[in-house]
1. In sequence order, what are the phi-derived ³J(HN,Hα) couplings for segment 86-92 according to the Karplus relation 6.51 cos²θ - 1.76 cosθ + 1.60 with θ = phi - 60°, rounded to whole Hz, with x for glycine and proline?
2. What length, rounded to one decimal in nm, is gained on full extension from Ser109 through to Tyr195, with 0.36 nm per residue of separation minus their alpha-carbon distance?
3. Return the whole-Å distance between the Cα centroid of segment 114-148 and the Cα centroid of segment 154-169.
4. Note down the nm distance, to one decimal, between modelled labels 7 Å out along Cα→Cβ at Val78 and at Leu160.
5. If you plug each phi of segment 94-109 into the Karplus form 6.51 cos²θ - 1.76 cosθ + 1.60 with θ = phi - 60°, what whole-Hz ³J(HN,Hα) values come out, in order, with x for Gly and Pro?
6. With labels modelled as points extended 7 Å from the Cα through the Cβ direction, what inter-label distance (nm, one decimal) is found for Lys96 paired with Arg66?
7. Please compute the Kirkwood hydrodynamic radius of segment 81-196 from all pairs of different C-alpha atoms, in Å with one decimal.
8. Show me, for segment 179-195, the HN-Hα J-couplings you get by feeding each phi into the Karplus relation (A = 6.51, B = -1.76, C = 1.60, θ = phi - 60°), rounded to Hz, glycine and proline as x.
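What follows draws every value from the coordinates through simple rules; no lab data is involved. Keep in mind it's a predicted model, so treat the numbers as computed, not measured. Here the Cβ is made from the backbone with ideal geometry for all residues, glycine too, and neighbour counts use every protein chain on show.
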Amino acid sequence: MFRSLGVMASIAARYLRRERRAVLAISTIATGIALLLVSSLLSTIIIDQSRFLAIAYSFDAAQLVRAATALSLVAVLVGAAETGVVMSRVVLSRIKSVGVMRATGIGNSRVFSLFLLEAAFYGIIGGAIGIMVGAGIATASVIVSLGSGALTAVLSPLPLVAAEGLGLSVLVSVLAAIFPTAKAVYMRIISAIYYE
C-alpha cells in the first residue's frame, strides 16, 4: 500500500517538474488563498473599526460586518472558481498521457489516484505560497495603515485562517480534478491517445 503510494507520489512529482501548466495551477491557487487570507485577516480590523465607529458616531456596525463577511465569501468563491477552471484545463490537456498510461497496463484506479494526488500537490504548494503572500500583504497593510500596535489583533487568527486556507486549497484542487480526471480515465484508450 505505502510502496504504491510512494511510486504514485514520485510519478506525480516527475510530472510537476515537466509540466509548465503546473506553474499556472499553483499560482492560481496561491492567488485565491492569498486573497482569502488577506480578506479574512483584514475583515477582523474592519469589524473592530466599525464597532469603534458605532460607539463614536452612532453608526450601524452590522452593515460593515456584513460587508466584510461578504468580501471574505466572495474571495473564497473566486479562488475556488479559478482553481476549478485551471485544474480542469490541466487534466484535460493531459488526456493523451492518460491514454498512454492505460495502454501500458496501468489501471484506471491508479491513473485516477495519480491525477488526484497531483491535484493535491498543486493545492498544498499553491496554498502554502498563498498563505505566505497573504500574511505578508495583510501584515504590511496593517502596519502601514494602523501601526504595529494593531498587528496582534490581525495576526491572532492567522494559524486558524492559514489551516483553513490550506485545507480549502487542497479540497478545491482535488474536487476540481475529479470530473475531468474521470472523463479522461474512462475514455476509450485509442480515443484518449488521439485526443485533440
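1. Rounded to whole hertz, the list is 5, 5, 5, 5, 4, 5, 5.
2. Residue separation times 0.36 nm, minus the Cα-Cα distance, leaves 28.9 nm.
3. Taking the Cα centre of each part, segment 114-148 and segment 154-169 sit 9 Å apart.
4. Taking the two extended label points, one gets 2.4 nm.
5. Values, residue by residue: 10, 4, 4, 4, 5, x, 5, 4, 5, 5, 7, x, 6, x, 4, 5 Hz.
6. Going by the 7 Å Cα→Cβ label model, 5.3 nm.
7. Result for segment 81-196 stands at 16.1 Å.
8. Ordered by residue, 3J(HN,Hα) equals 5, x, 5, 4, 4, 5, 5, 9, 6, 5, 4, 5, 5, 5, 5, 9, 5 Hz.
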